[in-house]
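Beneath this line is the structure, given in structure tokens, with notes to follow.
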Amino acid sequence: MERLATFAGGCFWCMVKPFDEQPGIISVISGYTGGHKENPTYEEVCRETTGHYEAVQITYDPEIFSYEKLLSVYWQQIDPTDPGGQFYDRGQSYETAIFYHDEEQRVLAEQSKLELAQSGRFSRPIATKILPAKEFYAAEDYHQQFYKKNPVRYGRYSEGSGRAAFIKKAWGDDQ
């Protein structure tokens, strides 16, 4: 039985590949969620007027890849202590959030956030929000599977934004 998971982790370009390459992942879609504007465009979301986050919505088979594993992958892609965006990208639309689709996901997300906070890995508080899932709007086609369509630009962005260096420093061989 397929399930949905929705995560905001800053630029959605960088949030697709880590999930897309896992067993049991059926699809990873870049899009917008959490806001009030129906069918927002990338430009509207970037103007910070829609209330939406850049996010990914993952369709997965929980028998092959559990929600707990998805959470583990998610935490290792972001700076969970940054309340103002992610790396180079600043503003509400680039903030981190876990959007839960049911009570079980909410409980697991809260538990994983608490475990991360108590792990001592980060010296600052965990700022990632845990919010109820709202309508998810797929981003424009050119944003989908960006790491495959534009591997050079994707690599430059991942490095240039500071994301890759942060992940290596924070997680090292634990990834």
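The values are calculated or read from the model by the stated rules, or taken from the named source; none is laboratory data. Note that the structure is predicted; figures quoted are calculated from it, not measured. Every residue, glycine as well, gets a Cβ built from its backbone with ideal geometry; the counts of neighbours run over all protein chains shown. The accessibility values were calculated without ligands, DNA or RNA, using every heavy atom of the protein model including side chains. Shrake-Rupley method; radii C 1.70, N 1.55, O 1.52, S 1.80 Å.
Only Lys, Arg, Asp and Glu carry charge here, each on its Cβ (+1 for the first two, -1 for the last two); on that basis the stretch 1-152 has a dipole of about 400 debye about its Cα centre. Rolling a 1.4 angstrom probe over the protein heavy atoms with all chains in place gives the chain an accessible area of 49 Å² per residue.
On the accessible surface of the stretch 32-175, probed at 1.4 Å, how many percent belong to carbon and sulfur atoms?
50
Set the bar at 24 Å for Cα to Cα. Now go through Lys69/Lys169; Lys69/Lys168; Lys134/Lys168; Lys134/Lys169; Lys37/Lys148; Lys69/Lys113 and name every pair that lies beyond it. Beyond 24 Å: Lys134/Lys168; Lys134/Lys169; Lys37/Lys148.
Charges at C-beta only: +1 for Lys and Arg, -1 for Asp and Glu. How large is the resulting dipole of the stretch 19-86 about its Cα centre, in Debye rounded to 20?
Values: 3 positive and 12 negative charges, 22 e Å.
The calculation lands at about 100 debye.
Toward the positive end of the charge dipole of the stretch 1-144, with +1 on the Cβ of Lys and Arg and -1 on the Cβ of Asp and Glu, the farthest Cα among Ser123, Thr50, Ile78 is that of Ser123.
Each of the peptides 110-123, 33-46 was scored by the mean count of other Cβ atoms within 10 Å over its residues; in descending order, highest first, they stand as 33-46, 110-123.
The stretch between Ile26 and Ser123 holds 31.4 nm of extra length on full extension. This uses 0.36 nm per residue minus the Cα-Cα distance. Summary of the geometry: the stretch 136-171 and the stretch 25-57, compared by the centres of their Cα atoms, lie 16 Å apart. Close amide H pairs (under 5 Å, H built 1.01 Å from N) link Ser27 with Thr59, residues at least 5 positions away or on another chain.
Annotation: amide H of Leu131 within the under-5 Å range of Ile98, Phe99, Tyr100, sequence separation 5 or more or interchain, hydrogens built in the peptide plane. Distance between the 7 Å Cα→Cβ label points at Glu135 and Lys169: 4.0 nm.
Each peptide among 79-87, 125-133 gets the average number of other Cβ atoms lying within 10 Å of its residues, and from highest to lowest they stand as 79-87, 125-133.
Charge dipole of the stretch 110-171 (Cα centre as origin; +1 on each Lys and Arg Cβ, -1 on each Asp and Glu Cβ, all else neutral): 320 debye, rounded to the nearest 20.
For the peptides 93-99, 153-159, 67-73, the ranking by mean Cβ contacts within 10 Å, running from highest to lowest, is 93-99, 67-73, 153-159. In the chain, the DSSP beta bridges split such that about 85 percent are antiparallel, to the nearest 5.
Kindly identify the chain as rounded, prolate or oblate by the Cα gyration tensor criterion: order the square roots of the eigenvalues as a ≥ b ≥ c, call it rounded if a/c is under 1.5, otherwise compare a/b with b/c, prolate if a/b is larger, else oblate. Because its axes are fairly even, with a/c under 1.5, the chain counts as rounded.
Note on Glu68 and Glu2: the model spin-label points, each 7 Å out from Cα along the C-beta direction, lie 2.5 nm apart.
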